[in-house]
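Remarks on the structure that follows.
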Amino acid sequence: MRRINALIVLSTLSTAAFAAESSRPRGVSPEFAKFYKSTDSFSCISNPEIKLSPSQVNDEYCDCPDGSDEPGTAACTYISDLSPPQPVAGKVNTSFALPGYYCKNKGHIPGYIPHMYVNDGVCDYELCCDGSDEYAGVGGVKCEDKCKEIGKEWKKADEIRRKSERAALKRRVELVNEAQALRAGVEISIGRLESEIAAQEKKAAALKTTYEEIERRERGRVVGSTGGKGSKVTILAGLAKNRVNELRDTLLGVVAKRDKLKERVKELEAILAAFKEDYNPNFNDEGVKRAVKAWDDYAAQKLAAGEADESAEDRDLAEVVKEDSETEGINWAEWETEEESDVEALYKFEEYLPGAVRDWVHQKLIDLRIMLVENGILADNANSGSESKAVTDARAAYQSANDEVSTKSSSLGDLRNDLTKDYGTDDIFRALKDKCISKDSGEYEYELCWMGSTKQKSKKGGAHTGMGNFVRFDKMTVDEEVSADGKGLGKGERLVLRYENGQNCWNGPNRQTTVVLACAETDEIWKIVEEEKCLYKMDVGTPAVCEGRTEEKKASGKDEL
Ligand code: MAN
């Protein structure tokens, strides 16, 4: 128990305080030396109206109500028993003026020990390594000065602690850099989305205009006698296309037959040419002679006509039979899908008008038709149940562009919210966001996801239990041990992450987790306790909350031996 507060007492004292120590009464620290300077009298610290002779200081009799006349004995312990001293340098207890008995601890760090431990027959080396608290040798106890070896051990451990702190601080700097880069990334994404949305809005506006115009034209269009399912022209176009295709197929067949015949003619000519070369003219066979004569005439005729170059003709044929609207000069699709009415098709009188007035007349005709539709004189094409493909396509294009604007705008909103969200000092938890750490504890494995949620997972399997979602940062003053390897919350104000609205607890509240953070080299859950039913506390180490205490103290010369 006596270990409690020892380190903090030790570490909060300054070595500068060693000055003029020899002139101070036993048990007085340099901090309180000024009250014991006078050689004429001593005034109780909290009650200066009570004046004593200097010989009454440390005379084993408690004269001052605040115990200040007995800095080096246990005579006023009953005061501290009533109100235990808070041995924090500079913070004087209202009833007990001194923080404790001051141990010089040369070779280590000076510190206070509660007065009740003075001359109690126990060596309190953890607080008073020089053994000066047992100067009276009560019960024959003699406490030798162990500050040299304790100080050496402490220094070694302190060096390890400082090294770890330096590593933790380095990691913190890295986290800050990562957080900055992530923030910059969000800002870049916002900029990119803004320009994409502006462009998309323009596109959507243009598509809207187009769609409205097409729809307007649709309303102004005279519905054909075939009920809008295609005019005679359309049907004619379909028939014509089929006929053209039939003719193309026939032509292809004829060309193929021709090519075959050409091959056979070639073969026969070769046979006859060989026959002419090989026959025996000495046999007076009239039939053979006639045949040879006929072949010669045929060959002479062919020679006179010259070898026809049919390649150009073949190229033309190949072009003609190609299934290509460009070569056909007809865009069949246009004619087949056009839902133009026969009336429009046959009486396109506007086309006989001079260009200058054509548009004007066209517009007026559409306006007129719309006026007639709106006044119930003509049927509305829009209600005819046969919307044209042009209107459907234009609307779909506009809607798709508009949907994209909405999707992008919603992403932009999320990113803007993210920029205003509290990620802690230096935005540091931005770098940890979505990363998780876990720890086995009892029958569960616990998980903490930074800025996300906490979970309890049963080792026996089954579903996870939500222990809350991150809602806000908070602060908490803690007073806890730090283990030799530096794990533990320690003392002072700590940053807290509140996780709330977890899974409902049977007969209890929705589960909540209070995550208390302390500086450490790596992210680690140290301890989990269920303080009340379904209210959990996690002690967690992370470099994210390191503040460079050691380095600052070093720079200002504090905490040095
Ligand atoms: C589960 C766990 C416990 C909790 C009880 C409450 O067993 O979540 O932590 O105390 O439910 O019923």
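Each value in this text was obtained by applying a stated rule to the coordinates, not by laboratory testing. All of these numbers come straight from a predicted model, not from anything done at the bench. Cβ placement follows ideal geometry from the backbone for every residue including glycine, while neighbour counts extend to all protein chains displayed.
A DSSP coil position with no more than 14 other Cβ atoms inside 10 Å describes the following trypsin sites (Lys or Arg not before Pro) in the range 419-470: Lys421, Lys435, Lys459, Lys460.
With N the number of residues in the range 121-218, Rg(Cα) / (2.2 N^0.38 Å) evaluates to 2.91. Of the GluC sites (Glu not before Pro) found in the range 104-213, those in coil by DSSP whose Cβ has at most 14 other Cβ atoms within 10 Å are Glu144. Over the range 455-549, the hull volume per residue, using the convex hull of the C-alpha atoms, is 115 Å³. Within the range 399-470, the proportion of Cα pairs with more than 21 Å between them is 50 percent.
So how much slack lies between Ser406 and Asp309, counting 0.36 nm per residue of separation and subtracting their Cα-Cα distance, in nm?
Length difference between fully extended and current span is 28.3 nm.
For the range 31-181, report the translational diffusion coefficient in µm²/s to the nearest whole number, using Stokes-Einstein at 4 °C, 1.567 mPa s, and a Kirkwood Rh over Cα pairs. Estimated via Stokes-Einstein, D reaches 73 µm²/s.
Given the range 373-516, what whole percent of its Cα pairs are spread farther than 21 Å? Value for the range 373-516: 67 percent of Cα pairs lie more than 21 Å apart.
You can think of it this way: the chain between Ala206 and Ser43 has 49.5 nm of extra reach, that is 0.36 nm per residue less the Cα-Cα gap.
Convex hull volume of the Cα atoms of the range 441-487, normalised per residue: 119 Å³.
Nearest 5 percent is fine: what portion of the DSSP beta bridges confined to the range 455-554 is antiparallel?
So the antiparallel bridges in the range 455-554 amount to around 75 percent.
Centre-to-centre, using Cα atoms only, the range 353-419 and the range 241-291 are separated by 66 Å.
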